[in-house]
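The values are calculated or read from the model by the stated rules, or taken from the named source; none is laboratory data. Fair warning: this is a prediction, and the values are worked out from it, not measured in the lab. FYI the Cβ positions are ideal-geometry reconstructions off the backbone, even for glycines, and counts take in every protein chain you see.
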Amino acid sequence: NAGVTQTPKFQVLKTGQSMTLQCAQDMNHNSMYWYRQDPGMGLRLIYYSASEGTTDKGEVPNGYNVSRLNKREFSLRLESAAPSQTSVYFCASSAGQAGNQPQHFGDGTRLSIL
Amino acid sequence: SQQGEEDPQALSIQEGENATMNCSYKTSINNLQWYRQNSGRGLVHLILIRSNEREKHSGRLRVTLDTSKKSSSLLITASRAADTASYFCATDNSGYSTLTFGKGTMLLVSP
């Protein structure tokens, strides 16, 4: 059972470039999430999708866009990368609402922006 | 903004000892969760405790919740080197739809 799969695992970008981080889950979960993790900051929510067809902003959405492509897939796009977006990005999913259900995490995408 | 704050930031113990980590939060919650993160990996869910529960056990883990003090603790008994990881508490918002994570406690268990 793969769980939550994130691609790529590592990426280096130049300032101003764009890219899409991919996330897929095979647990038939309704809700999916994108977080960023910075040293000393814990995890911060960027965007989430409570169910297929819906997306909502989290704590730090500026500079990002998301697409819930179908129930399995939730992508995160950086339109014009900035050095401040250097971080580790985690995708997670849960069967239902986050507060009531455990979240299952992928192993992250390590993104450096020069 | 951070809802939960873990204490201590770092903890170093010997194998076989118990490890206690604390989490304090600011606003009322419905549920509180604890997660573990091994170096270079994603977070793994450990335990969920509801606001009407005071204590919960899972194997060598014991979680307590004191809603009057807005705090929770995670106790790992008889620690092993494999318990070396960062531990995070997470609280839900009033609508249940998202979690807010603390900054974590780094636990080092030495053989």
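So the values come out like this:
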{"item": "Set A:SER67, A:SER18, A:SER49: member being over 30 Å from B:ALA10 (Cα atoms) and in contact with a Phe, Trp or Tyr (Cβ under 7 Å, 6 or more places away or on another chain)", "result": "A:SER49"}
{"item": "Extreme residue, surrounded by the most Cβ atoms within 10 Å (Cβ to Cβ), among residues of region A:26-44 that are more than 19 Å from A:ASP56 (Cα to Cα) and more than 11 Å from chain B (Cβ to nearest Cβ)", "result": "A:MET27"}
{"item": "Residue selected from region A:52-70 under the condition outside any loop (DSSP other than H, G, I, E, B) and touching a residue at least 24 places away in the same chain (Cβ under 8 Å), by the criterion nearest to the chain's Cα centre (by Cα)", "result": "A:VAL66"}
{"item": "In region B:24-48, the residues that are within 15 Å of B:SER68 (Cβ to Cβ) and either in a strand (DSSP E or B) or among the aromatic types (Phe, Trp, Tyr) (or both)", "result": "B:SER24, B:TYR25, B:LEU32"}
{"item": "Qualifying residue in region A:102-109 (condition: facing chain B (nearest Cβ under 10 Å), buried (at least 19 other Cβ atoms within 10 Å of the Cβ) and on the phi > 0 side of the Ramachandran plot)", "result": "yes"}
{"item": "Any chance A:TYR47 is surrounded by 18 or more Cβ atoms within 10 Å (Cβ to Cβ), modelled with pLDDT of 95 or more and within 14 Å of another protein chain (Cβ to nearest Cβ)", "result": "yes"}
{"item": "Odd one out for B:GLY40 among (1) surrounded by 14 or more Cβ atoms within 10 Å (Cβ to Cβ); (2) under 19 Å from A:CYS91 (Cβ atoms); (3) at the interface with chain A (Cβ under 9 Å from one of its Cβ atoms)", "result": "(1)"}
{"item": "Subset of region A:27-50 [part of a loop (DSSP other than H, G, I, E, B) and either of a type in the set (S, T, N, Q) or in contact with a strand residue (DSSP E or B) (Cβ under 8 Å, 6 or more places away or on another chain) (or both)]", "result": "A:MET27, A:ASN28, A:HIS29, A:ASN30, A:ALA50"}
{"item": "Sole exception among (1) within 14 Å of chain A (Cβ to nearest Cβ); (2) under 30 Å from A:GLN6 (Cβ atoms) for B:ILE76, by number", "result": "(1)"}
